[in-house]
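The values are calculated or read from the model by the stated rules, or taken from the named source; none is laboratory data. All of these numbers come straight from a predicted model, not from anything done at the bench. We place every Cβ from the backbone using ideal geometry, glycine too, and count neighbours over all the protein chains shown. Surface areas here come from the heavy atoms of the whole protein model, side chains and all, with no ligands, DNA or RNA. Shrake-Rupley method; radii C 1.70, N 1.55, O 1.52, S 1.80 Å.
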Amino acid sequence: MKVNPLNPVGIFDSGIGGLTVARAVRELLPHENLIYFGDTAHLPYGDKSAAAIQSYTVKICDLLIKNSCKVILIACNSASSAAYQLAKEYAGSRAKVINVIDPVIQYLGAHYAHRSIGLIGTKRTVKSNVYQKKLDKLNLDIKLKSLATPLLAPMIEEGYFNNTISEQIIINYLSDASLQEIESLVLGCTHYPLIKNQIEKYYQGSVKVIDTSYIVAEALKDFLANENLLNSEGGNIHKFYVSDYTHSFAESTKIFFQEEVNLEHYPLWE
Ligand code: DGL
C-alpha cells in the first residue's frame, strides 16, 4: 500500500508523559504533523498487567490507523515492553510501529560494549526484563542493572521536581545496592527527562545519564527518511487527545511539551 508522506505521525502513551518524546520529535522533525493520544483513563500503565496494556494498545492503534497515521510511535516504555509485538502484528501493512526501547538498545550496542549500565523505569518495564533480553541478543557483553522506581512518575506529574522532596526520593532510589558500579543510567520512562538535571547532580559526572527521547526521535527520523516518508511541507497541524480529560492533565501538558497544548477529550472507551 502506498503511504502518503503528508500523513501524520501517531504517538501514544499511557498519559501525558509521552509528550517528552513528542517534544523531541517536534524539535527534530518540525514539518511532521502529529496526532498524540494519552490514555489517561487507564494511567498508570506501569502498574498494569501486560494483558491489560495489550488490549488498550490495540484499540489506540486502531484509532491512529483510522486517522491515517503513516507511523505509530509507542512513546511509553511500559507499553513498548508489554505490547510492541502485538501492535506491530495488529497494524500489519497499515502502519509501521516503532517503540521507545529498540532505538535505545541500538544506541547502547554502539557505545557500551563490555560495560555496565543502569536502567530505571516502571514496575512493568523492569519486570518485563525486555532491555536485558534485547541486549543479550546483541551479544556484546553489556551488563544491565535495573531498578523499578514507581514513585518517580506520579511525583513528577504532581509537579515535584527540582525541589528537596524529589531530591530525597531520587537519592533513595539511586543509592540502592542494585544500581551501583554503572557507567551510564538509562532513563527508561517518559517522565524522567524532567528530573535528568537532578539525577546528574546526584552522580556529579561519574555516570552518564541517558535521556532516551532524542535517541527515539532520531530513530523515527531515520525510519521516515529511509522509507521516503518525510514530510517537508507540514508541521502546523498537531492534535492532542486524552481518553479522560481533567484540568490538571491540561495544566501539566506544558511541563512535558514545553509549550501550550490544546488538549482534547477523545472518549475512546465510552
Ligand atoms: N509512560 C509510562 C512509561 O514510560 C510511565 C507512566 C505510567 O506508568 O503509565 O513507562
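If only residues of segment 80-126 that are part of a strand (DSSP E or B) and aliphatic (A, V, I, L, M) are counted, the one that is nearest to ILE170 (Cα to Cα) is ILE120. When you check GLY121 against the structure, is it surrounded by fewer than 17 Cβ atoms within 10 Å (Cβ to Cβ), within 16 Å of the ligand (Cβ to nearest atom), in contact (Cβ under 8 Å) with a residue 12 or more places away in the chain and over 30 Å from GLU227 (Cα atoms), yes or no? Criteria not met by GLY121.
Inclusion of PHE223 among residues that are surrounded by 13 or more Cβ atoms within 10 Å (Cβ to Cβ), within 18 Å of the chain's Cα centre (by Cα), touching a residue at least 40 places away in the same chain (Cβ under 8 Å) and farther than 17 Å from GLY18 by Cβ is warranted.
Tallying residues that are away from the ligand (no atom under 11 Å from the Cβ), part of a helix (DSSP H, G or I) and either of a type in the set (D, E, K, R) or more than 15 Å from the chain's Cα centre (by Cα) (or both) within segment 1-53 yields 7. Scanning segment 174-220 for residues that are among the basic types (Lys, Arg) and either open to solvent by less than 10 Å² (accessible area, probe 1.4 Å) or part of a helix (DSSP H, G or I) (or both) gives LYS196, LYS201.
At pLDDT 95 or above, within 14 Å of the ligand (Cβ to nearest atom) and not hydrophobic (A, V, I, L, M, F, W, C) - does that describe any residue in segment 169-183? Looking through segment 169-183, none of the residues is at pLDDT 95 or above, within 14 Å of the ligand (Cβ to nearest atom) and not hydrophobic (A, V, I, L, M, F, W, C). There is at least one residue in segment 145-164 that is away from the ligand (no atom under 16 Å from the Cβ) and free of Cβ contacts under 8 Å to residues at least 12 places away in the same chain. Among residues of segment 25-54 that are in contact (Cβ under 8 Å) with a residue 12 or more places away in the chain, those with a beta-carbon under 8 Å from a residue that is of a type in the set (Asp, Glu) and open to solvent by less than 20 Å² (accessible area, probe 1.4 Å) at least six positions away or on a different chain give the pairs VAL25/GLU32; ARG26/GLU32; TYR36/ASP13; PHE37/ASP13; GLY38/ASP13; ASP39/ASP13; TYR45/ASP39.
In the condition set (1) under 15 Å from the mean Cα position of the chain (by Cα); (2) surrounded by fewer than 20 Cβ atoms within 10 Å (Cβ to Cβ); (3) not hydroxyl-bearing (Ser, Thr, Tyr), ILE171 is compliant with all but (1).
Of all residues in segment 62-86, those being in contact with a strand residue (DSSP E or B) (Cβ under 6 Å, 6 or more places away or on another chain) and in contact (Cβ under 8 Å) with a residue 24 or more places away in the chain number 11.
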